[in-house]
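The values are calculated or read from the model by the stated rules, or taken from the named source; none is laboratory data. The shown structure was predicted, so the numbers you read here are calculated from the model rather than taken from an experiment. Glycine gets a Cβ as well: all are built from the backbone with ideal geometry, and neighbour counts include every protein chain shown.
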Amino acid sequence: MRDYSLLFTLVFSAVLVLGLLTRLYLASRQIRHVAQNRASVPDAFAATISLPAHHKAADYTITKARFGLLEMAFATAVMLAWTLLGGLDTLNQALLASTLADYGRLVPQLALMLAFGLISGLLDLPFTLYSTFKIEERFGFNKMTLKLWLLDLLKSTLIGAVIGLPIVALILWLMGSAGNLWWLWAWCAWMGFNLLVLVLYPTVIAPLFNKFKPLDDEALRARVTALMQRCGFAAKGLFVMDGSKRSAHANAYFTGFGASKRVVFFDTLLKQLNPGEVDAVLAHELGHFKHKHVIKRIVAMFAMSLAGFALLGWLSSQLWFYTGLGVRPNIAPTLSAIASSLPPEGALAPWGGPAALVSVPNDALALLLFMLVVPLFSFFISPVFALFSRKHEFEADAYAIAQTDGKDLRSALLKLYQDNASTLTPDPVYAKFYYSHPPASERLARMTPALKAPA
């Protein structure tokens with residue numbers, strides 16, 4: 001059988017470099033385009049967006065894009081460190097050489113997953129801190145204290161461990177015990193886990209971070225309830241979230257699944273929009289449900305994850321997948337192979353010592369390598385998903401205009417663009433590659449014929 005390790009190393013390296021160059025090219029286009037259009041407000045927005053607000057949006061966008069270049073370079077270096085430079089292999093071998101290898105097949109694998117997650121999280125912390133307390137602070141969006149930030153970090157880490165470790169343990173167990181079709185059973189477990197989180201998130205997880213109180217504005221509650229009844233939508237309740245304690249950004253969303261669905265308004269949103277505009281924003285969200293966008297996205301997630309698990313099932317059995325990424329798989333030789341390759345007495349065994357002969361599966365290694373590599377390849381098809389997402393946004397806008405006053409939706413969007421410092425002049429190529437929502441100019445231009453049409 002031919003050894004494809006070198007070929008896979010070359011392919012991985014080429015995709016890594018190509019992805020980095022593409023990201024750099026797109027970011028540089030975005031920075032240049034926004035800077036070139038900073039001086040004046042586009043004609044379509046001149047009557048509603050002030051020049052200082054336009055300057056703020058441009059500066060915010062450029063600052064984030066430049067910081068993104070640094071994050072991008074660091075992420076590429078970390079990727080190389082984990083893979084071809086031997087970081088993951090070193091971590092794995094260190095854990096195998098420890099006493100953890102004496103606790104069976106699952107414990108050392110979970111330890112590897114946990115250690116990788118903690119190290120990766122620590123490497124990301126400086127960027128999260130700078131983004132929150134420098135960039136967001138500079139533009140007036142951050143409302144968090146360091147104490148609250150640390151408390152959020154502690155909570156999210158504990159929740160991640162409590163929720164994440166059991167599902168990871170189950171998948172690793174299935175990989176080692178469910179035969180050749182383990183990936184199908186693992187996919188079923190993963191999908192069940194995601195559906196469970198959708199149900200638990202609104203009532204169990206989200207309240208650990210924010211306070212949710214029922215919408216107490218009776219007039220607004222009556223308007224929203226009437227709109228939802230008109231649209232044939234039932235929810236468990238209408239809630240206001242104290243988003244202002246963390247950020248000045250505004251939003252509204254539906255959360256939950258099945259009977260646990262609820263509507264959540266950021267308190268910042270209710271302060272910025274009038275009742276008609278709140279209606280319009282809610283109608284837009286209802287449009288996603290009316291067009292079954294949520295179901296379509298869940299089905300797409302199911303299909304993509306099934307393909308991903310099937311691919312992982314094949315790759316996990318290929319030696320070149322490990323060695324091509326700079327990792328020595330945990331080899332458990334047969335007795336005859338051990339007898340024929342034993343070193344002279346007193347010499348070190350192959351792979352660095354006796355610990356390498358411990359029968360620890362490669363399942364955790366396969367999972368980690370897969371999670372590292374797949375985003376590199378999927379990056380190049382991300383514009384396709386962004387395209388469908390923008391299409392869904394146009395459909396939701398059209399639904400909102402049909403159910404409410406379209407002028408309210410237009411004014412609400414303009415307020416949100418301004419309050420969130422969203423640039424009105426993104427680079428067209430950058431927007432087509434990354435934007436899940438249409439740029440303001442395209443979105444409002446699509447609305448204009450409907451707004452002018454006779455009632």
- [ ] Report the residue count in region 139-158 for those that are exposed (fewer than 13 other Cβ atoms within 10 Å of the Cβ) and hydroxyl-bearing (Ser, Thr, Tyr).
- [x] 1
Task: Whichever residue in region 177-189 is loosely packed, with under 15 Cβ neighbours inside 10 Å and not aliphatic (A, V, I, L, M) and, among such residues, is nearest to the chain's Cα centre (by Cα) - done: Cys188
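What is the residue count in region 26-55 for residues that are surrounded by 12 or more Cβ atoms within 10 Å (Cβ to Cβ) and part of a helix (DSSP H, G or I)?
Just the residues of region 26-55 that are surrounded by 12 or more Cβ atoms within 10 Å (Cβ to Cβ), to begin with: 26-35, 37-38, 41-42, 44-46, 48-51, 53-55.
Narrowing further to those that are part of a helix (DSSP H, G or I): 26-35, 44-45, 51, 53-55.
The number of residues fulfilling the criteria is 16.
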- [ ] Could you grab the pairs with beta carbons closer than 6 Å, sequence gap of 6+ or different chains, first residue in region 286-297 and outside any helix (DSSP H, G or I), second one at pLDDT 90 or above?
- [x] His291/Glu395
- [ ] Scan region 54-66 and give yes if some residue there is free of Cβ contacts under 8 Å to residues at least 60 places away in the same chain and of a type in the set (Phe, Trp, Tyr), otherwise no.
- [x] no
Open item on the list: As an exercise: evaluate Gly19 against (1) out of contact with any Phe, Trp or Tyr (no Cβ under 6 Å at 6 or more places or on another chain); (2) part of a helix (DSSP H, G or I) and give the number of the one condition it does not meet.
Closed with: (1)
- [ ] Would you mind stating whether Leu165 is of a type in the set (A, V, I, L, M, F, W, C), more than 25 Å from Val327 (Cα to Cα), in contact (Cβ under 8 Å) with a residue 12 or more places away in the chain and surrounded by fewer than 15 Cβ atoms within 10 Å (Cβ to Cβ)?
- [x] no
Task: Matching residues, region 193-238, being over 28 Å from Pro166 (Cα atoms) and of a type in the set (Ser, Thr, Tyr) - done: Thr225
TODO: Determine the pairs where a residue that is over 16 Å from Ser305 (Cβ atoms), located within region 176-189, has a partner that is aromatic (Phe, Trp, Tyr) and assigned to a helix (DSSP H, G or I) with Cβ atoms under 6 Å apart, the partner being 6 or more residues away or on another chain.
DONE: Ala178/Trp185
Task: Any pair with Cβ under 8 angstrom, 6 or more apart, that starts in region 94-112 at a residue that is assigned to a helix (DSSP H, G or I) and ends at one that is acidic (Asp, Glu) - done: Gln109/Asp363
TODO: Name every residue in region 291-321 that is surrounded by 16 or more Cβ atoms within 10 Å (Cβ to Cβ), out of contact with any Asp or Glu (no Cβ under 9 Å at 6 or more places or on another chain) and of a type in the set (Phe, Trp, Tyr), in order of residue number.
DONE: Phe309, Phe321
Task: Residue under evaluation Leu208, criteria (1) surrounded by 14 or more Cβ atoms within 10 Å (Cβ to Cβ); (2) under 26 Å from the mean Cα position of the chain (by Cα); (3) of a type in the set (A, V, I, L, M, F, W, C), criterion not met - done: (1)
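Find the residue count for region 212-222, including only residues that are surrounded by 12 or more Cβ atoms within 10 Å (Cβ to Cβ) and of a type outside the set (Phe, Trp, Tyr). So that I can check it myself, show each step before the final result.
If we filter region 212-222 for residues that are surrounded by 12 or more Cβ atoms within 10 Å (Cβ to Cβ), which is where we start, we get 212, 215, 217, 220-221.
This time we only want the ones that are of a type outside the set (Phe, Trp, Tyr), so: 215, 217, 220-221.
So the answer is 4.
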- [ ] Enumerate the pairs (first residue in region 425-448 and touching a residue at least 24 places away in the same chain (Cβ under 8 Å) and more than 14 Å from Ala396 (Cβ to Cβ); second residue anywhere and assigned to a loop (DSSP other than H, G, I, E, B) and among the hydrophobic types (A, V, I, L, M, F, W, C)) with beta-carbon separation below 6 Å, excluding pairs fewer than 6 apart on the same chain, so at least 6 apart or on different chains.
- [x] Ala440/Leu424
Open item on the list: Being within 19 Å of Trp183 (Cβ to Cβ) and part of a loop (DSSP other than H, G, I, E, B) is the requirement here; does Ser305 meet it?
Closed with: no
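Let's see how each residue does on (1) in contact with a strand residue (DSSP E or B) (Cβ under 7 Å, 6 or more places away or on another chain); (2) modelled with pLDDT of 85 or more:
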{"residue": "Trp183", "(1), (2)": "no, yes"}
{"residue": "Thr203", "(1), (2)": "no, no"}
{"residue": "Gly243", "(1), (2)": "yes, no"}
{"residue": "Gly287", "(1), (2)": "no, yes"}
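Inspect region 192-199 for any residue being at pLDDT below 85 and under 22 Å from His288 (Cα atoms) and give the result as yes or no.
Step one: list which residues in region 192-199 are at pLDDT below 85, which gives 198-199.
After this cut, where a residue has to be under 22 Å from His288 (Cα atoms) as well, the list is 198-199.
For region 192-199, residues at pLDDT below 85 and under 22 Å from His288 (Cα atoms): present.
Can you give me the number of residues within region 6-23 that are surrounded by 15 or more Cβ atoms within 10 Å (Cβ to Cβ) and either at pLDDT below 90 or of a type in the set (A, V, I, L, M) (or both)? Before you say what the answer is, go through the steps one by one.
Just the residues of region 6-23 that are surrounded by 15 or more Cβ atoms within 10 Å (Cβ to Cβ), to begin with: 8-9, 12, 15-16, 19-20, 23.
Checking which are either at pLDDT below 90 or of a type in the set (A, V, I, L, M) (or both) leaves us with 15-16, 20.
Counting residues in region 6-23 that are surrounded by 15 or more Cβ atoms within 10 Å (Cβ to Cβ) and either at pLDDT below 90 or of a type in the set (A, V, I, L, M) (or both) gives 3.
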- [ ] Working only within region 67-83, note down all residues that are touching a residue at least 24 places away in the same chain (Cβ under 8 Å) and touching a helix residue (DSSP H, G or I) at 6+ places or on another chain (Cβ under 7 Å).
- [x] Phe67, Gly68, Leu69, Glu71, Met72, Thr76, Val78, Met79, Trp82, Thr83
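Tell me which residues, restricted to region 108-141, are among the charged types (D, E, K, R), over 18 Å from the mean Cα position of the chain (by Cα) and farther than 18 Å from Ala250 by Cα.
Lys134
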